[in-house]
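Colleague: Sharing a structure, written as structure tokens. Questions coming.
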Amino acid sequence: MITGRHELLERYLADLERRLAAADPGERADILASVREHVESELAMLDRPATSADVAAALESLGSVDTVAAAWTPEDGGATAAPGRAHPAGLAVAAGVLAALSVLLIWLPPVAGSLGVVALVLGIVALRRRDEPRWAALTGVVVGATTVVLGLVVLLGALVVFAPHSETGRTTDGVSVPAVSPAP
Amino acid sequence: MAPEVAAVERTELLTHLRRGTLEYCLLATLRGAPAYGQELARSLGGGTLIDSEGTLYPLLARLRRRGWVETFWRDSPHGPPRRYYSLTLDGHRAVETFTEVWGPFAAAVTRCLEGDPR
């Protein structure tokens, strides 16, 4: 057996596996196994040791990794595939933008912290999808996590320093409510 | 418009049309007898329904997951045993339903294209 033959096929299968990252693991394994069987039985029909040119020809008739992967659609069918693709592309960017906003608003710890949480979550989701810009997703995750921690620290600090005054804050709020509400 | 643009449009159109129909062609091919991957590829090949053999496998995996086809192994005169695909009862029902819907649908599309919708 020629080792080059395996290399070509293995590389093809590894590429295909990467392209099918979004597929259900069982379905992905099923696709990969049947593609492998297809090539192996094609080569077995030659009745002579297969050369790497034979493997290349078998892979050629299978179609490119992109073509095969494109035949896979998410479970709910082709109808949602197009918007589904447009939406996740914005996910990483949204994470990055929210992370940047949270840095700008760091002097408002509760706001910055909440933005950081959202940026963190969006960034993680985006990172797990293959078609997302990685740098933006990573920015979302790293900066989001930082502002969450910073926000919490500042918030805790503020609670410790201003705790005695919070009572007066509540009474002024309480006063403002009846001032607005008088009605005929 | 440049001919290569028209070719891209044709390819995209084919991709759209295959989505949602090709899987039933696969099922229909299996109605008579179980078949293995290369057999299916050969009977559907020709460039209109599939453009390369490998595109069948994601579809077959999906049909299997849906419970419309099941697989079993059978020895081959050449090389390793082959994975055969056969229709389940649900698979048979799915082709029947598709056939009922497809007939009037295809006829209506043809009428439209010929300028006589209704």
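Colleague: Based on the Cα coordinates of the range A:3-71, what is the per residue volume of their convex hull in Å³?
Modeller: Numbers: hull volume 5.1 nm³, N = 69.
Taking the convex hull of the Cα positions in the range A:3-71, it is 74 Å³ per residue.
Colleague: In whole Hz, what ³J(HN,Hα) sequence does the range A:64-75 give by Karplus (6.51, -1.76, 1.60; θ = phi - 60°), x for Gly and Pro?
Modeller: Each residue's phi maps through the Karplus curve to give 5, 4, 4, 4, 5, 5, 5, 6, 8, 10, x, 3 Hz.
Colleague: Continuing with this model, one more query. Could you give each residue of the range B:45-52 its phi-based ³J(HN,Hα) in whole Hz, using Karplus coefficients 6.51, -1.76, 1.60 with θ = phi - 60°, and x for Gly or Pro?
Modeller: x, x, x, 7, 7, 10, 9, 8
Colleague: Right, next: GluC sites (Glu not before Pro), restricted to the range B:41-118: which are DSSP loop and have at most 15 other Cβ atoms within 10 Å?
Modeller: When the GluC sites (Glu not before Pro) of the range B:41-118 are filtered for loop state and at most 15 Cβ neighbours within 10 Å, B:Glu114 remain.
Colleague: Next question. Report relative contact order for the range A:85-163 in percent, whole number only (criteria: Cα-Cα under 8 Å, sequence separation at least 6).
Modeller: Working: 141 pairs, mean separation 29.9, N = 79.
In percent, rounded to a whole number, it is 38.
Colleague: In terms of modelled amide H atoms, which long-range or inter-chain residues lie less than 5 Å from the amide H of B:Val69?
Modeller: B:Arg64, B:Thr88
Colleague: Evaluate peptide A:133-146: per residue, the Cβ atoms of other protein chains within 10 Å of its Cβ; return the mean as an integer. Don't skip to the answer; put the middle values down first.
Modeller: Details: counts 0, 0, 0, 0, 0, 0, 0, 0, 0, 0, 0, 0, 0, 0.
Mean inter-chain Cβ contacts per residue within 10 Å come to 0.
Colleague: Let me check against my output: what whole-number percent is the relative contact order of chain B, with C-alpha pairs under 8 Å and at least 6 apart? Please list the in-between numbers first.
Modeller: Values: 98 pairs, mean separation 27.5, N = 118.
This gives 23 percent for chain B.
Colleague: Another question, then. Over the whole of A:63-71, what's the average partner chain Cβ count within 10 Å per residue? Rounded to a whole number, please.
Modeller: Working: counts 7, 2, 1, 0, 5, 7, 3, 3, 16.
Across the residues of A:63-71, the mean count of other-chain Cβ atoms within 10 Å is 5.
Colleague: Which of the three applies to the range A:85-163, rounded, prolate or oblate, going by the alpha-carbon gyration tensor with a ≥ b ≥ c and a/c under 1.5 meaning rounded? Could you put the intermediate results ahead of the total?
Modeller: Values: a/c = 3.47, a/b = 2.99, b/c = 1.16.
In terms of gyration-tensor shape, prolate.
Colleague: Roughly what would the spin-label model give for A:Ala70 and A:Arg11, points 7 Å off Cα along C-beta, in nm?
Modeller: Between A:Ala70 and A:Arg11, the simple spin-label model gives 2.2 nm.
Colleague: Another question about this same structure. Two decimals is fine: what is log10 I(q)/I(0) at q = 0.17, 0.25 Å⁻¹ for the range B:28-113, from a Debye sum with one equal scatterer on every Cα and no solvent?
Modeller: -0.81, -1.29
Colleague: Same structure again: Enumerate the calculated ³J(HN,Hα) couplings along the range B:94-111 in order (Karplus 6.51 cos²θ - 1.76 cosθ + 1.60, θ = phi - 60°), each rounded to whole Hz, writing x wherever the residue is Gly or Pro.
Modeller: In residue order, the calculated couplings are 4, 5, 4, 4, 4, 4, 4, 7, 5, x, x, 5, 4, 5, 5, 4, 4, 4 Hz.
Colleague: While we're looking at this one, here's another question. Based on other C-beta atoms within 10 Å, arrange A:His6, A:His38 from fewest to most. Can you show the working numbers first?
Modeller: On the way: A:His6 12, A:His38 24.
Going from sparsest to densest Cβ surroundings: A:His6, A:His38.
Colleague: Return the FRET efficiency for the residue pair A:Ala100, B:Phe105: r is the Cβ-Cβ distance, R0 is 51 Å, and the value is rounded to the nearest 0.05. Working shown, then result.
Modeller: Details: r = 50 Å, r/R0 = 0.99.
Working from the Cβ atoms, E equals 0.50.
Colleague: What does the charge add up to near A:Leu62, with Lys and Arg as +1, Asp and Glu as -1, over the other residues with Cβ less than 10 Å from its Cβ? Each step should come with its number before you reach the end.
Modeller: Working: positive: none; negative: A:Glu42, A:Glu60, B:Glu53.
Result for the local shell: -3.
Colleague: For B:Thr11, B:Thr71, which order do you get if you count the other beta carbons within 10 Å of each Cβ and list the fewest first?
Modeller: B:Thr11, B:Thr71
Colleague: In addition: In debye, nearest 20: dipole of the range B:28-113 around its Cα centre with unit charges on the Cβ of K, R (+) and D, E (-)? Provide the component values of the computation, followed by the final result.
Modeller: Details: 11 positive and 8 negative charges, 30 e Å.
The calculated dipole for the range B:28-113 is roughly 140 debye.
Colleague: List every residue whose amide H lies under 5 Å from the amide H of B:Ala35, counting only residues 5 or more places away in sequence or on a different chain, with H placed 1.01 Å from N in the peptide plane.
Modeller: B:Tyr85
Colleague: In the range A:34-79, what GluC sites (Glu not before Pro) fall in a loop by DSSP, with at most 11 other Cβ atoms inside 10 Å?
Modeller: Values: sites: A:Glu37, A:Glu40, A:Glu42, A:Glu60, A:Glu75; in loops: A:Glu75.
Within the range A:34-79, the qualifying GluC sites (Glu not before Pro) (loop, at most 11 other Cβ atoms within 10 Å) are A:Glu75.
Colleague: Still on this structure, I have one more. If you take each beta carbon of peptide B:79-86 and count the beta carbons of other chains within 10 angstrom, what is the mean? The partial results should precede the final answer.
Modeller: Working: counts 9, 5, 2, 4, 6, 0, 1, 0.
For this peptide, the per-residue mean of nearby foreign Cβ atoms is 3.
Read-outs: derived from the displayed coordinates by stated rules, not from any lab. All of these numbers come straight from a predicted model, not from anything done at the bench. All Cβ positions, glycine included, derive from the backbone under ideal geometry; neighbour counts span all protein chains shown.
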